[in-house]
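Trainee: The structure under discussion is supplied below as structure tokens; questions concerning it will follow.
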Amino acid sequence: MDKRGLTQMDIQRQTGIAQRTLSNFVTSDTHPSFATLVTLHARYGVSVDWLLGLDGPKETERIDRLLTAEGKLEKITKAME
């Protein structure tokens, strides 16, 4: 599952997070809960950005675009008030 050679079953045993939950998370069928993110971050020392797949340049650019669009929308909304 990662560079350390851990399997989903290893992580289940070490964290108590159900293997099905981990599988759904890995395949993007569901999003991890806050508690799951905190557990994985604390146990393995990985960033929440990494766990959510937001640590690459593409994702960072996408987030920047979303924040820019949100800022523009906020300005338009205020101007209409």
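Trainee: Applying the selection to the stretch 6-22, what residues are under 13 Å from Leu51 (Cα atoms) and either in contact with a His (Cβ under 7 Å, 6 or more places away or on another chain) or of a type in the set (Ser, Thr, Tyr) (or both)? Show your work before the answer.
Mentor: Start the filter on the stretch 6-22 by keeping residues that are under 13 Å from Leu51 (Cα atoms), which leaves 22.
Those that are under 13 Å from Leu51 (Cα atoms) and either in contact with a His (Cβ under 7 Å, 6 or more places away or on another chain) or of a type in the set (Ser, Thr, Tyr) (or both): none in the stretch 6-22.
Trainee: May I ask you to list the residues in the stretch 48-81 that are surrounded by fewer than 12 Cβ atoms within 10 Å (Cβ to Cβ), assigned to a loop (DSSP other than H, G, I, E, B) and modelled with pLDDT of 75 or more?
Mentor: Of everything in the stretch 48-81, just one residue is surrounded by fewer than 12 Cβ atoms within 10 Å (Cβ to Cβ), assigned to a loop (DSSP other than H, G, I, E, B) and modelled with pLDDT of 75 or more, namely Gly53.
Rundown of residues vs (1) in contact (Cβ under 8 Å) with a residue 40 or more places away in the chain; (2) surrounded by 12 or more Cβ atoms within 10 Å (Cβ to Cβ); (3) touching a helix residue (DSSP H, G or I) at 6+ places or on another chain (Cβ under 8 Å), yes/no style:
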{"site": "Gly5", "(1), (2), (3)": "no, no, no"}
{"site": "Met9", "(1), (2), (3)": "no, no, yes"}
{"site": "Gln14", "(1), (2), (3)": "no, yes, yes"}
{"site": "Ile17", "(1), (2), (3)": "no, yes, yes"}
{"site": "Ser23", "(1), (2), (3)": "no, yes, yes"}
{"site": "Ala42", "(1), (2), (3)": "no, no, no"}
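The values are calculated or read from the model by the stated rules, or taken from the named source; none is laboratory data. None of the values given here were measured: they were computed from a predicted structure. Positions of Cβ are generated from backbone atoms using ideal geometry, with glycine treated the same way; all protein chains shown enter the neighbour counts.
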